[in-house]
Amino acid sequence: MFQRILYYKTIPSPVGSLRLMASDKGLCAVLFDSGRYNRVFFDGGLERSDDHPVLKQAEKQLKEYFAGKRQKFDVPLDMRGSVFQIRAWRELQKISYGGTISYGEQAKRMGDANKARAAGMANGRNPLCIVVPCHRVIGASGGLTGFGGGLKTKEFLLQHEKKHAA
């Protein structure tokens, strides 16, 4: 059962406004502020909060990320999705900062190389953009493919990470 109320705040970033959403358990979403909040499973309301501890921690870590001072996020997460989606998202967290893998490689790491399309669909439902780095997954040919924030944003994030990788 999900918490009925989620807390949110909107923060500026180099890729546009980001909508952060959290429960008392952890961060539920980092969404590009385009109004597409259907990625987050909840059956209650939203309450604006500038001082919720999880939101404050997420905001701080995202600022550090964009400043090139953070490569890994440790804010607590409250992942909401199917068992398969959560498995796919956990695999995304293992991709090294500045690195990329293909959807096929992600599926292979999840135990079934034939589920590349399913992994891609799970990534498309990832509500924790940037923090759970779906932008690090690219097409088998090495080209950039779909991303909720747009391909220009995906390219920006990948270039940003390459620039700041150790």
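The values are calculated or read from the model by the stated rules, or taken from the named source; none is laboratory data. Note that the structure is a prediction, hence the values are computed from the model and not measured. All Cβ positions, even for glycine, are placed from backbone atoms using ideal geometry, and neighbour counts span all protein chains on display. Ligands, DNA and RNA are excluded from the accessible area calculation, which covers all protein heavy atoms including side chains. Shrake-Rupley method; radii C 1.70, N 1.55, O 1.52, S 1.80 Å.
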Subject >> The lone exception for Phe41 - which of (1) modelled with pLDDT of 90 or more; (2) open to solvent by 30 Å² or more (accessible area, probe 1.4 Å); (3) not acidic (Asp, Glu) it fails >> reply: (1)
Original post:
Among the residues of the range 97-126, which ones are in a loop (DSSP other than H, G, I, E, B) and either without any contact (Cβ under 8 Å) to a residue 24 or more places away in the chain or crowded, with 20+ Cβ neighbours inside 10 Å (or both)?
Top reply: Met110, Gly111, Asp112, Asn126
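Could you list all residues from the range 151-166 that are free of Cβ contacts under 8 Å to residues at least 24 places away in the same chain and surrounded by fewer than 20 Cβ atoms within 10 Å (Cβ to Cβ)?
We begin by selecting, within the range 151-166, every residue free of Cβ contacts under 8 Å to residues at least 24 places away in the same chain; these are 151-152, 154-155, 159.
Passing the criteria: Leu151, Lys152, Glu155, Gln159.
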Subject >> Pair list, Cβ < 6 Å and 6+ apart or interchain, from the range 127-142 residues that are of a type in the set (S, T, N, Q) to residues that are open to solvent by 10 Å² or more (accessible area, probe 1.4 Å) >> reply: none
Original post:
Of Gly124, Gly81, Gly68, which residue is at pLDDT below 95 and over 22 Å from Gly142 (Cα atoms)?
Top reply: Gly81
